[in-house]
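Undergrad: Take a look at the following structure, please.
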Amino acid sequence: MGKKIYVGNLPFTATNESLSETFGQFGRVDSSKIITDRDTGRSKGFGFVEMSDSSEADSAIEKLHGSDMGGRALTVNEARPMEKREGGGGRNDRNDRNDRSNRW
């Protein structure tokens, strides 16, 4: 089974293609995705790479962690599962009002 790799401190000029090329030196890259801001479309400076072979992924992590890309030292490690998050901003207490009387 493959591995999902977290890549942090990416230069803002990095593209999905350049990320694939960089990791492609170590083996087959299944996918690469740079995370972007949903409002501006600008890179958030990190992304993920999926490699099908675990040993190739381990080699890429070992060799690329701390290496230079576009003048920045990359942070590369195995991705952790995304933590479950509660809803976004705004007032989340609206559902709790059902058991209270009108405040006026």
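Undergrad: Has region 76-88 got any residue that is modelled with pLDDT of 95 or more, over 17 Å from the mean Cα position of the chain (by Cα) and outside any loop (DSSP other than H, G, I, E, B)?
TA: no
Undergrad: Could you count how many residues in region 34-74 are assigned to a strand (DSSP E or B), under 11 Å from LEU10 (Cα atoms), over 14 Å from the mean Cα position of the chain (by Cα) and not basic (Lys, Arg)?
TA: 3
Per-residue answers, yes or no, for (1) touching a residue at least 12 places away in the same chain (Cβ under 8 Å); (2) under 13 Å from LYS4 (Cα atoms):
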{"residue": "GLU21", "(1), (2)": "no, no"}
{"residue": "THR36", "(1), (2)": "no, no"}
{"residue": "ARG42", "(1), (2)": "yes, no"}
{"residue": "SER54", "(1), (2)": "yes, yes"}
{"residue": "LEU64", "(1), (2)": "yes, no"}
{"residue": "GLY70", "(1), (2)": "yes, no"}
{"residue": "THR75", "(1), (2)": "yes, no"}
{"residue": "PRO81", "(1), (2)": "no, yes"}
{"residue": "ARG85", "(1), (2)": "no, no"}
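The values are calculated or read from the model by the stated rules, or taken from the named source; none is laboratory data. This is a predicted model, so every value here is computed, not measured. Positions of Cβ are backbone-derived with ideal geometry, glycine not excepted, and every protein chain shown enters the neighbour counts.
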